[in-house]
Amino acid sequence: MAIKLQMLTEDPKEIELIERYWAADEAGQYLEKVSALEGIIKMAQGVTLASFIRQRCNAFDDNQVCPNCAELVEIRNRSEAKKVPQRSTKLCTLCQNDQDAIALEVEKAKAAELERQLAEYAHLQSTRTVDYSEVPDGQVLLLLALDRAVTPRLTNGGFTLGDCRGLAPRYVGNFVQQLREAGLVLDDPTRARPGTYYWVGDKIWMLRDQVIYRLAPDAASRSADEVIRSLQDRVYTDAEGLFNLWLDYSVADVMHYLSTQCELYNHDLSEQELEEVKSIIRSALETYSVSQLWSVVWKVVRDAASLANREYYNRPKAAATIPGKIRRNLEKVQRESIELKAWRRPELHPAGTLGMVLSEILGGDENTPGPMVSSLIAWLTGQACSATVEAALDEPIRELMTNALAHDVGSAVMLRFAELIRAGHDVGSAVEEIADALRS
């Protein structure tokens, strides 16, 4: 093994130390140990012998040649030297410098292209406007809730996802993304921190937590404050859209509770398992309230924690049973007509501004079951008293009242009707249930 040395010092003592450090026999064994050389020359505190020598000498290994030009490859310490000749995967200094220069030019070109595309995108965003009178009802409520969460940044500047933490208990990014995809909030690259947007291959990616968002300009040139005030006077007509927003929010409310309970008992659910639970919860919310499903989650998570302590079980296996346990628990409740308990909202689990807006507009909260929410939305949007609905109910109501009077149970029927409406049934289902009871 032969090492060629290029001295960067003229000090005889340093040259002697360098030559002794690299000296080796024909078999490639170094003649002196590093520990025996360390005290020969006094070095600054924290400086190793290898770094001291590297600053005063360039070493090239005869057994390693550059794959590009076949020149000797520079090595930094003894461990990098090879005992037999071989083609190195490492470039020589000149080739590496050339490659680095080319890479730097490529990066500069990509940075310039990124800046050009972002400027073009920012210009396009600045020309986009929205007719807020045409915005769907569900997105209107989302905007009103977002305004409360980030006031005054929605109407006076920009905001980040971090500013929106108060919007909902969970999935805040998903709610903001709904507004972004609808073109109601725009991202502003000109105000983002450097590094927010970057290349991955040929595509521009972004760090979503650093993106600056702003409210899209109004097509009628009203100020953002005027837009928000106009949305507060909205007459709601889209029952399906409002109910889907309530489901989205309520799923987030239940899943946040599940997350805190799983964290308490060290249950770690996979993304697939979480998606399965979300699907189960969304379906169950059409029948039960958020607070009732909290009680189901509370029971199931504790059952899984108890299971984890059994022989042949562990925490991952126990956690994996949670989706199935929730489904089976709800099936049993429905099959056996069990009344679910309702849990109180934990102090450290706020409803978020979206929950507050939904409560104010619809009149329900975490204790309101899905059927009642559906009825409240029907009354809010005018669908509960539409001409079509009235026409469809004429005959069933006439038949019900005739039978009630014939059996002399008019008062009981009216009281039962009022009870069902308070429980969340719509008029049609309440009439049908009472009519079935009279027939049996």
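The values are calculated or read from the model by the stated rules, or taken from the named source; none is laboratory data. Remember, predicted model here, so these are calculated numbers, not experimental data. Cβ coordinates were reconstructed from backbone atoms using ideal geometry, including for glycine residues, and neighbour counts include every protein chain displayed. Surface areas here come from the heavy atoms of the whole protein model, side chains and all, with no ligands, DNA or RNA. Shrake-Rupley method; radii C 1.70, N 1.55, O 1.52, S 1.80 Å.
Details
- When segment 196-227 is filtered for residues that are within 16 Å of residue 155 (Cβ to Cβ), in a helix (DSSP H, G or I) and open to solvent by 70 Å² or more (accessible area, probe 1.4 Å), the ones remaining, listed by number, are 225, 226.
- Condition check for residue 405: crowded, with 19+ Cβ neighbours inside 10 Å, at pLDDT below 80 and more than 24 Å from residue 237 (Cβ to Cβ): no
- Whichever residue in segment 1-44 is part of a helix (DSSP H, G or I), within 17 Å of residue 58 (Cα to Cα) and aliphatic (A, V, I, L, M) and, among such residues, is most open to solvent (accessible area, probe 1.4 Å): 15
- Residue 231 meets the stated requirement of being aliphatic (A, V, I, L, M) and touching a residue at least 60 places away in the same chain (Cβ under 8 Å).
- Pair list, Cβ < 6 Å and 6+ apart or interchain, from segment 363-389 residues that are more than 22 Å from residue 341 (Cα to Cα) to residues that are among the polar types (S, T, N, Q) and modelled with pLDDT of 90 or more: 381/237
- Count of segment 320-332 residues, restricted to those that are in contact (Cβ under 8 Å) with a residue 12 or more places away in the chain and either within 23 Å of the chain's Cα centre (by Cα) or not in a loop (DSSP other than H, G, I, E, B) (or both), is 8.
- Criterion violated by residue 259 - all others in (1) under 23 Å from the mean Cα position of the chain (by Cα); (2) closer than 22 Å to residue 159 by Cβ satisfied: (2)
- Selection of segment 80-91 for residues being over 22 Å from residue 19 (Cα atoms), open to solvent by less than 100 Å² (accessible area, probe 1.4 Å) and either part of a helix (DSSP H, G or I) or of a type outside the set (Gly, Ala, Ser) (or both) yields 86, 90, 91.
- Any hit, segment 270-291, residues being hydrophobic (A, V, I, L, M, F, W, C), closer than 25 Å to residue 141 by Cβ and touching an Asp or Glu at 6+ places or on another chain (Cβ under 9 Å): yes
- Picking from residues in segment 334-362 that are free of Cβ contacts under 8 Å to residues at least 12 places away in the same chain and part of a helix (DSSP H, G or I), the one that is surrounded by the fewest Cβ atoms within 10 Å (Cβ to Cβ) is 335.
- Out of 97, 77, sole residue that is among the polar types (S, T, N, Q) and surrounded by 12 or more Cβ atoms within 10 Å (Cβ to Cβ): 77
- Cross-chain or 6+ apart pairs with Cβ under 9 Å, segment 255-272 first and acidic (Asp, Glu), then surrounded by 11 or more Cβ atoms within 10 Å (Cβ to Cβ) and not in a loop (DSSP other than H, G, I, E, B): 268/262; 268/315; 268/316; 268/319
- Scan of segment 135-188 for residues that are part of a loop (DSSP other than H, G, I, E, B), within 17 Å of residue 223 (Cβ to Cβ) and aliphatic (A, V, I, L, M), ordered by number: 135, 154, 184
- Matching option when the condition is open to solvent by 50 Å² or more (accessible area, probe 1.4 Å), modelled with pLDDT of 95 or more and of a type outside the set (Lys, Arg), among 232, 178: 178
- Identity of the residue in segment 61-70, out of contact with any Ser or Thr (no Cβ under 9 Å at 6 or more places or on another chain) and free of Cβ contacts under 8 Å to residues at least 60 places away in the same chain, that ends up farthest from residue 4 (Cα to Cα): 68
- A residue that is modelled with pLDDT under 90, among the small types (Gly, Ala, Ser) and within 30 Å of residue 220 (Cα to Cα) cannot be found anywhere in segment 53-75.
- Residues in segment 228-253 that are polar (S, T, N, Q) and assigned to a loop (DSSP other than H, G, I, E, B): 237 only.
- Residues satisfying the stated conditions in segment 311-333, i.e. of a type in the set (Lys, Arg) and either loosely packed, with under 12 Cβ neighbours inside 10 Å or within 24 Å of residue 288 (Cα to Cα) (or both): 325, 327, 328, 332
- Scan of segment 285-307 for residues that are open to solvent by 10 Å² or more (accessible area, probe 1.4 Å) and either without any contact (Cβ under 8 Å) to a residue 24 or more places away in the chain or outside any helix (DSSP H, G or I) (or both), ordered by number: 286, 287, 288, 303, 306, 307
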